[in-house]
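**Student:** So that we are looking at the same thing, I have put the structure below in structure tokens.
The values are calculated or read from the model by the stated rules, or taken from the named source; none is laboratory data. Just so it is clear, the structure is predicted and the values come from calculations on it, not from any experiment. Because the Cβ atoms are built from the backbone with ideal geometry, glycine has one as well, and the counts that use them run over all protein chains shown. In case anyone asks, the SASA skips ligands and DNA or RNA and just uses the protein heavy atoms, side chains included. Shrake-Rupley method; radii C 1.70, N 1.55, O 1.52, S 1.80 Å.
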Amino acid sequence: MKRARAAHGSVGAREEVFWDEHVPDLEHCLRELEAGPDPNTTAMFGAIAPLEGLRVLDFACGPGVTAAFLAKRGAIVTGIDISPVSIARGRELAQHTGLSIDFVVGELTPDSFSPATFDAVVGRYALHHVDLAQVAPILGGILVPGGRCAFVETMALNPLLNFARRRIAGYARVANLGSDDEHPLRRADLHILETNLGQVRLLVGEMRFLRIFDRNVLRYGHPRVSAFLAGIDDVLLRCGLGVLSYHQVVALTKRS
């Protein structure tokens with residue numbers, strides 16, 4: 001399959017450069033694979049289960065850890081990513097672990113795959129890096145009728161976190177993570193997904209509200225404080241306040 005390069009100076013080109021420069025080494029990927037999926041990734045897998053024999057596209061697959069999780073669970077996996085360095089790492093990971101995964105370098109376009117190629121599409125922190133008005137119809141086209149999508153995403157549904165991202169991130173010791181062109185998913189983005197695919201369900205495996213403060217401000221530097229903040233997050237989730245989480249699973253089923 002030919003590689004679809006991003007146009008020079010485009011958002012895609014900037015994303016390609018950014019992710020080429022942020023690829024973890026093989027040892028890091030192996031440790032992540034050995035540790036197993038985090039709670040939100042587990043929730044994402046649950047939204048498309050059962051995985052055995054399922055034809056799954058890992059959209060914006062990065063270094064291939066999520067694809068490896070899926071392949072280990074019996075899925076037939078294809079990973080696509082704009083970053084050639086990430087894809088090279090994914091192929092290295094698959095070879096090292098003996099897993100069969102097909103990797104494709106390039107942007108997802110209407111010509112990337114034939115219609116109804118996949119039973120499911122997943123992605124971790126992928127949708128908030130793309131133009132959903134362009135990508136959502138493509139996702140709908142490559143899915144079989146009744147096919148499932150699930151994405152672990154950053155969300156713009158918590159006003160306090162939105163304010164912190166706009167006004168505080170990047171100042172003093174507050175981390176500003178991610179690429180210049182990304183944005184957390186807004187209600188309008190969810191509407192685009194619903195228009196092209198089906199009703200959105202939001203799931204939370206692990207609350208990421210005060211945990212984000214711990215990550216971006218405290219840098220996980222105080223274990224007792226980390227445990228305390230995580231405990232509060234867990235209580236908030238049990239109280240039904242998962243909508244406040246910065247990380248959520250966006251799940252959809254394509255209309256038949």
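**Student:** Here's a check for you: in the range 1-19, which residue that is modelled with pLDDT of 75 or more and farther than 30 Å from Phe209 by Cβ is surrounded by the most Cβ atoms within 10 Å (Cβ to Cβ)?
**Tutor:** Glu16
**Student:** If the requirement is being among the hydrophobic types (A, V, I, L, M, F, W, C) and modelled with pLDDT under 95, which of these qualifies: Val135, Val65, Val152, Val130?
**Tutor:** Answer to the selection: Val130.
**Student:** Next up: Taking the options Leu202, Leu218, Leu210, name whichever one is touching a strand residue (DSSP E or B) at 6+ places or on another chain (Cβ under 6 Å) and open to solvent by 40 Å² or more (accessible area, probe 1.4 Å).
**Tutor:** Residue meeting the stated conditions: Leu202.
**Student:** For the range 37-47, what are the residues that are open to solvent by less than 20 Å² (accessible area, probe 1.4 Å) and either under 19 Å from Leu139 (Cα atoms) or assigned to a loop (DSSP other than H, G, I, E, B) (or both)?
**Tutor:** Selection gives Met44, Phe45, Ala47.
**Student:** Could you grab me the full set of residues in the range 85-108 that are over 16 Å from Leu26 (Cβ atoms) and either of a type in the set (Ser, Thr, Tyr) or touching a helix residue (DSSP H, G or I) at 6+ places or on another chain (Cβ under 7 Å) (or both)?
**Tutor:** Ser100, Val105, Glu107, Leu108
**Student:** Which one of these does Ile168 not meet: (1) among the aliphatic types (A, V, I, L, M); (2) at pLDDT 95 or above; (3) over 28 Å from Asp20 (Cβ atoms)?
**Tutor:** The single condition Ile168 does not satisfy is (2).
**Student:** Can you list residue pairs whose Cβ atoms sit under 7 Å apart, with the first residue in the range 21-38 being over 13 Å from Pro63 (Cα atoms) and the second being part of a helix (DSSP H, G or I)? Count only pairs 6 or more apart in sequence or on different chains.
**Tutor:** Short answer, once both residue conditions are applied: Pro37/Phe45; Pro37/Phe69.
**Student:** Can you report the number of residues in the range 204-254 which are under 18 Å from Ala164 (Cβ atoms), in a loop (DSSP other than H, G, I, E, B) and out of contact with any helix residue (DSSP H, G or I) (no Cβ under 6 Å at 6 or more places or on another chain)?
**Tutor:** Residues flagged as under 18 Å from Ala164 (Cβ atoms), in a loop (DSSP other than H, G, I, E, B) and out of contact with any helix residue (DSSP H, G or I) (no Cβ under 6 Å at 6 or more places or on another chain) within the range 204-254 amount to 4.
**Student:** Here's another thing I want to ask about it. Counting only residues that are surrounded by 13 or more Cβ atoms within 10 Å (Cβ to Cβ) and not hydrophobic (A, V, I, L, M, F, W, C), which one in the range 235-252 is nearest to Val144 (Cα to Cα)?
**Tutor:** Restricting to residues being surrounded by 13 or more Cβ atoms within 10 Å (Cβ to Cβ) and not hydrophobic (A, V, I, L, M, F, W, C), the top hit is Gln248.
**Student:** Still on this structure: Are there helices (runs of 4 or more DSSP H) fully within the range 48-152 with at least 3 residues that are open to solvent by less than 20 Å² (accessible area, probe 1.4 Å) and touching a residue at least 40 places away in the same chain (Cβ under 8 Å)? List them.
**Tutor:** 132-142
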